[in-house]
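Beneath this line is the structure, given in structure tokens, with notes to follow.
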Amino acid sequence: MAAIKFITHDGEEHKVEAEPGSTVMEAAVRAMVPGIEAECGGACACATCHVYVESSWREAVGGPSPMEEDMLDFAYEVGEGSRLSCQIKVTDALDGLTVKVPERQA
Ligand code: FES
């Protein structure tokens, strides 16, 4: 299991245990983390699972695929570390990952 910390826009922290092989979005939805809507269910087709990966984790998480990059164009206030959380696969190496949830989704 990997512990993932979500920090909501108002600074609330949610620690979630995520199964390797699942996605960061699935972990957030299961734990009902506010602000992750995930309307398309993880198909990289809605941009409502947008998160900001904390700077110290960006290398481990990696960057978006070209398809994800296209979809990020529809996300709200894309910035450094922006990723669609349904496209981040959980691995043991991501134990401790911290992401911020934007003020609102697309
Ligand atoms: Fe729709 Fe991630 S859940 S793009």
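The values are calculated or read from the model by the stated rules, or taken from the named source; none is laboratory data. These numbers were taken from a predicted model, which means no experiment stands behind them. Glycine also receives a Cβ, built like all others from the backbone with ideal geometry; neighbour counts cover every protein chain displayed. Just so you know, the surface numbers come from the protein's heavy atoms only, side chains and all, with ligands and any DNA or RNA stripped out. Shrake-Rupley method; radii C 1.70, N 1.55, O 1.52, S 1.80 Å.
A few comments on the model shown:
- The value of relative contact order for the chain, using C-alpha pairs under 8 Å at least six residues apart, is 41 percent.
- Inter-centroid distance (Cα atoms) of the range 1-37 relative to the range 53-106, Å: 12 Å
- Rolling a 1.4 Å probe across all protein chains gives Glu12 an accessible area of roughly 90 Å².
- Free of any chymotrypsin sites (Phe, Trp or Tyr not before Pro) that DSSP assigns to a loop and that have at most 15 other C-beta atoms within 10 Å, the longest stretch within the chain is 1-73.
- Ligands, DNA and RNA left out, the 1.4 Å accessible surface of the chain is 49% carbon and sulfur atoms.
- Couplings 3J(HN,Hα) of the range 92-106, computed from phi: 4, 5, 9, 4, x, 3, 10, 10, 9, 9, x, 4, 8, 8, 3 Hz, in residue order, whole Hz [Karplus 6.51 cos²θ - 1.76 cosθ + 1.60, θ = phi - 60°; x for Gly and Pro].
- Put simply, when 78-90, 20-32 are sorted by average Cβ atoms within 10 angstrom per residue, most first, you get 78-90, 20-32.
- 1.4 Å probe accessible area per residue over the chain, in Å²: 52 Å²
- For the chain, the fraction of C-alpha pairs farther apart than 24 angstrom is 10 percent.
- Mean residue ellipticity at 222 nm, helices only, the chain: -4000 deg cm²/dmol; runs of at least 4 DSSP H residues each add -39,500 (n - 2.57), and the sum is divided by the number of residues.
- Using Cβ point charges alone (K and R +1, D and E -1), the dipole size of the chain about the Cα centre works out to roughly 160 debye.
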